[in-house]
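Let me begin by presenting the structure, written as structure tokens, before commenting on it.
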Amino acid sequence: MLFVLHHAYSQYEDFKFGDINQDEINLKVYARDTSAKAIVLKEFGNSWFDNETGNLISKKHVRIKILDKEGDKYANFEIPLWKRDNLYKENITVEQASTFNYENGKLVETVLDRKNIFSENKHNYLDLCKFALPNVKENSIVEVIYSIESPYFFNYRQWDFQSTIPKLESIFKASIPANYVYNIALKGELPITIKNSYIEKECFGIGGGDSYRRFGKSDCSVNLWGMRDIPAFYEEDYMTAPSNFISSIRFELSEMIYFNGSKIKITKSWKDVEKELKGGKYFGKQFNRGKEVFGKNLDFIVKAETDALNKAKIIYDHIKHHYKWNGYYGKYSDNIKKAYENKTGDVGDINLSLIAALRLYGFDAVPVICSTRENGLPIEIFPVLSNFNYVFCKVTINEIDYMLDATDPYLTFGMLPIRCINEKGRVITNKESYWLNIPQKNEIKQDIALVLKLETNGQLTGEMKISSYDYEAISIRKKMVSFNSDDEYIEDVDSRVQRMRIKDYKIENKNDFTKPLVEYYNVIFENFDTLNMDRIYFNPFIFNKWNENPFKSKERLFPVDFGAPINTSFTLSLEIPSDYEIVDIPSSKSLALPNQGGNFSYDYQINGNHISLRTSFKTNYYLYSSDEYHYIKELFNQVIQLQKSDIVLIKKST
Amino acid sequence: MKLFPYYFSILFLISVVSTNIYCQEKYKIDDIKKEILPNADAVIRFSEKKYEVKSQTEVRIKLKHSVSVMNANGVKEGVIIIPYNSLTTVKSIRATIYDKNGKIIRKIKKNEFDDLSMINNFSLFEDDRMKRYIPQVNILPYTVEYECELLQKTTIFLTWWQPQNRWGLAIENSSCKLIIPSDFLVRMKTRGFEDKEVSPIVMDKKIEYVWNIGNLPALRDEPFSLPIDSLTSWVHIAPVNFRIGKMNGSLSSWEDYGKWCFDNLIKGNDKLPDATIFKIRQMVKGIDSPKEQARIIYEYAQKKNRYVSVQKRKTGGIHPMSAEEVDNLSYGDCKALCNYTRALLQSAGIKAYYCEVYAGNIPKSPPEDFVNATSTNHIILCVPFENDTVWLECTDDKIPFGYLGSFTGNRKALLCSEDGGKLVNTTTYKPKNNRMNSISEFVIDKEGTLTGNISIELMGTQYEKRELNFNGLTKNYIEMLQKHYNHFPEIQINSYSLTYNKEAIISTENMTITSPRFASISGNRLYIPINPVNPIQSLPRDFRSRTQNFYIAKGFFDFDSISYKIPDGYIIEYVPQNKIIETEFGSFSYKTSFEDDKIIVSRYFLLNDGYYDKSSYSQFFDFLKNIHDSDYSKIVLIK
């Protein structure tokens, strides 16, 4: 019976190197995706622990057909190998690598010469193993088997079923000794169609030789997952990390049992994780050492303030301005004291310092761990700590929650940077941790108001006021500091906006980040050569105009993610020469997205030779499902069409 | 078409290092003279580069450098990057960071520098590495000072000193020193030192040259600027005789250097297996025209090989992989693929020359009067025939036989041969020959929907404007088209073809499209954008006071004809006026005519190459604005 069973599994064993069938030779175009430049014909991955060393071995066997010369880059391999130092590092063995060409009715194999395998020392922690297969042409089949031996058994290598080229079949087999327990998560939309699991008896005994006699051997659970006809993965605009959407299987070590019977839980439940984090040297120990780090240093700036909220704001500002973020993410800190002294650190150093400082003054400040947008969404079903690459602070004052991040000096109290607005974060409280829907209260917001007079010489003169809020204000303020003076900034604006000349300007709240940034300009627009015309077509949509629809595809597979809601308005008050009258003006319009998703409105009023007009565009959310895609696309279409219409003026007959 | 990452790049990239701390607060920001601050993102406070040639295999380089970062744009100037490789080692390096008052914030030791490889794209082997330190300072401005010593084991490249090598960089004080043994011969070319005679100081068995500049305000990056090399001062020094690896060479003349390249890089390196030679001879048997034979061989090599970057540095990265090895592997870099294609041509009795060239969209040529090994970065082949000369780019499998385009066209290349080297012109592309002809016929219906077809021919450097190898309307390709034709608010592509006449080097795009809501309706009026097919995309920035002269590098000639059949019930209320503009920058014409229910818009736009004085920038801008006005005007119909 056992034998029969084994036989049944054997169809999911690794395929034979170079055993290429006629169908594979004949395949010229992949019918399901005719654009594919290359295709994975077969792919088999196998991971297990080595009996001698206890290291994790990840073996990969892949057979790729190059369908088009442009796909020949898929015959180049670049395999990352992580290292800590020369001893503790990953090693690769390229077992076999060949190119097969079908010439004159037979398969000709060209074997990769080992001397053409190169190693690049990318930086202190990464080597790259690189090779390009020889003799690759259109319709070549390249086949490679390599295995990576890794001491990092914490990171059981993830397996990506999906890649930038389609695959006919991809199978992954993981053999895990009973002394290691991993949490396993499947990502992406595609279903697993091949699945099997069985127990292999006495497969793993660490130490090699006879040592298993002493400790015994452990059984392994063998799991096998596979997919067929896997489409290529294409990225779209306005989407977060591809890793959120690529079909893959991931592992996180949850517990380890030594051969002497002792058991170490690595991650099991949030309860374990919390305990580990809160008591951890690089997390809980850090944000509770406020007294030691800050001592009485902050007293003089905080003491005079009695209002709790103001006090928190002072502490936040201090930390924010004290630190220069070094650009790295992270949820831990080696030592916030050292970071504070050096005035620089990663996200963990800075935000854990912030929490420590707030706690020192009695605030209910707790860390929220999350995953940045480009890092993908954390898995929710069980704790996978390595998914979280960021930490910010949640502080509760007078029963109101504020989310704080001190890594960017332009952020204001209660505002998070767009990079960590990624659906959910886990709040590590003093009691039980919980999931938090990360609120996005801030917008990409700008209001533009123009008061213009059409002069008889064809120029438009008047005043403009641009008020920018939240993320829009941040992006302008960041732009401003790239100039040595306001004059240089204004000259730059002036040179970029076509036909507009800034005569005079005033900037308000440039350095007060708690208030909207306001720019006032005295402007001249050169619009018409001359007004000696009987009829004038004037396009009033001078600013906040969409010239093209950012959404062009017919369909959308993934959600649309703007990062923050968009909220813009444009008001124009226009005085026309008294000898002209208005004969045509685009009619008022109002459009809305379903489920209060947002709206566009345009309205006007005419009062003698005075026109006032207002448009506003607002999305109420930052994230829209792919089902809502065509509504968004249509909204943009309508806006663009309207914005192409003119006001028509004619000269009064005298 | 790919560059081989330049093995000489080290000297171009080195820009830094520091002085001893002899006095406190020497880097006060307030001490910088106000006159040099406008537009300065960073200010070089003090810089000293010293090159000391000890022997043909030992050049000691000492850099002391300090730079004040003035604003967010200048932060990248404060990043310390010291490139090195197997020919150049970093002996020592240290840095100090100062705040705006000149107080020391931090001192950085050698082991605090990151050590990284400099490879970005897939490349099998290169040993270009760098030491890097990114200062983290919260408060602008601040000053970074560093000091480093390098040992270079070759003399093929000596000195490239250009203190003001970026926009937005002001200079307080910068100097360069070259010390050579009195019997070591060098040649030099300088810019900006014409009026300042640099007389060498002759010492015991040594000669010392010193160049100094200072008090220079920053240059502003403006549209159509000349390359910064032609605006600021520099010193370029090349040896007369050099050594790289185990090879000795001469840079006494282009003739000598070209011969050296041939003798050391090509000769003996071009042997092919007999079977390959036989195969090639069979392939061209019976074909009379040598040019036709060359085309067949070139296309064979294109099909057989692919580009993979492999920079073996045993000989400084200039030695091509042997023809035999390429024959086996079917891949190589530009040197390897040119050497191989040359060998194939040779086996059929066709003479081809290995040519060094500078590749990049802005043409640059090795100077006639200054022989050096560092002004090229790519290899192409030159194949002379009786009546014409064909140039071959060997790293791209899609480009037509004899096409160089804007990557290596319009410049001089160094032709290497056994008879000596010489500088020769590559293919010349005149603006009038860089043509695009478009003919579009559209029908507009009552809802404003546009349907019709567009037919476009592309020639000269405009040939590159589309894919060089179209094979099917893929999702990505459709997206690319939608982005390209972004003046249609929405575009559905009903049919599409892109074909190539590789002999005449013309590509032809034909498509039928539907664009809903192309024309907008407002009340009784219908507005039709006049040129959705080929409008100028945007106007350059319009500075009130241009500070530098400008030039146009990529002239072209476009001719467009667009006809609109208008819907029943509408009559024309307004069409933009006809226009003809002739300027020194080029000419432009716009004309509308009518034929039954059709409006035909004809447009041409010729942009000349050339150098212009800064005072004519406003005229140039007006010229473009005038075109922009026409391109974005509308036809108005009324019911």
Would you pull out the residues with amide H under 5 Å of B:Tyr331's amide H, same chain only if 5 or more places away, H placed 1.01 Å from N? A:Asn135, B:Arg306
Using a 4.7 Å cut-off between beta carbons, which cysteines in chain A end up with no partner cysteine at all? A:Cys129, A:Cys370, A:Cys393, A:Cys420
For A:Ala38, which sequence-distant residues (separation of 5 or more, or a different chain) have an amide H within less than 5 Å of its own amide H, given hydrogens modelled in the peptide plane? A:Leu67
Charges at C-beta only: +1 for Lys and Arg, -1 for Asp and Glu. How large is the resulting dipole of chain B about its Cα centre, in Debye rounded to 20? 1760
Going through A:Lys478/A:Lys633; B:Lys206/B:Lys422; A:Lys545/B:Lys625; B:Lys153/B:Lys189; A:Lys83/B:Lys62 one by one, the pairs whose alpha carbons sit over 28 Å apart turn out to be A:Lys478/A:Lys633; B:Lys206/B:Lys422; A:Lys83/B:Lys62
Would you be so kind as to identify which of B:Cys355, B:Ile171, A:Ser150 lies farthest towards the positive end of the dipole of the protein assembly as shown, taking Lys and Arg as +1 and Asp and Glu as -1 on Cβ and the Cα centre as origin? A:Ser150
Going by Cα centres, segment B:348-393 and segment B:104-152 are how many Å apart? 35
According to a simple spin-label model (label point 7 Å from Cα along Cα-to-Cβ), what is the distance in nm between A:Asn155 and A:Phe17? 2.7
Rounded, prolate or oblate: pick one for chain A, where a ≥ b ≥ c are the square roots of the eigenvalues of its C-alpha gyration tensor, a/c under 1.5 means rounded, and failing that, prolate if a/b is larger than b/c, else oblate. oblate
For the protein assembly as shown, with +1 on Lys and Arg beta carbons and -1 on Asp and Glu, the positive-most of B:Ile104, B:Asn215, B:Phe122 along the dipole: B:Ile104
Within segment A:565-587, list the residues whose amide N lies under 19 Å from a label point set 7 Å along Cα→Cβ of A:Thr456. A:575-582
Could you tell me which residue out of A:Asn351, A:Gly362, A:Tyr323 lies farthest along the dipole of segment A:312-409 toward its positive end? Charges go on the beta carbon: Lys and Arg +1, Asp and Glu -1, centred on the Cα centre. A:Tyr323
For an R0 of 41 angstrom, estimate the FRET efficiency from the Cβ-Cβ distance between A:Gln605 and B:Ser593 and round to the nearest 0.05. 0.50
Where a Cα-Cα gap under 23 Å defines reach, which lysines qualify for B:Lys639, not counting those fewer than 8 residues away within the same chain? A:Lys589, A:Lys644, A:Lys651, A:Lys652, B:Lys446, B:Lys565, B:Lys598
May I ask which of A:Lys60/A:Lys167; A:Lys115/A:Lys167; A:Lys338/B:Lys76; A:Lys122/B:Lys335; A:Lys343/A:Lys506 have a Cα-Cα span longer than 22 Å here? A:Lys115/A:Lys167; A:Lys338/B:Lys76; A:Lys122/B:Lys335; A:Lys343/A:Lys506
Only Lys, Arg (+1) and Asp, Glu (-1) charged, at Cβ; chain A dipole about Cα centre in debye: 1660
Placing unit charges on C-beta atoms (Lys and Arg positive, Asp and Glu negative, everything else neutral), compute the dipole magnitude of segment A:345-443 about its Cα centre in debye, rounded to 20. 120
Cα gyration tensor shape for the protein assembly as shown, rounded if a/c is under 1.5, else prolate or oblate: rounded
Theoretical ellipticity at 222 nm over chain A - DSSP helices of four or more residues, -39500 (n - 2.57) apiece, nearest 500: -5000 deg cm²/dmol
Here are some pairs, A:Lys187/A:Lys324; A:Lys89/B:Lys50; A:Lys42/B:Lys398; which of them have Cα atoms lying more than 32 Å apart in this structure? A:Lys187/A:Lys324; A:Lys89/B:Lys50
List every residue whose amide H lies under 5 Å from the amide H of B:Val240, counting only residues 5 or more places away in sequence or on a different chain, with H placed 1.01 Å from N in the peptide plane. B:Leu185, B:Val186, B:Arg187
Extend 7 Å from the Cα of B:Lys285 along its Cα-to-C-beta direction; within segment B:333-370, residues with backbone N under 20 Å of that point are B:344-350
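Read-outs: derived from the displayed coordinates by stated rules, not from any lab. Being a predicted model, the structure only gives us computed values, none of them experimental. Positions of Cβ are generated from backbone atoms using ideal geometry, with glycine treated the same way; all protein chains shown enter the neighbour counts.
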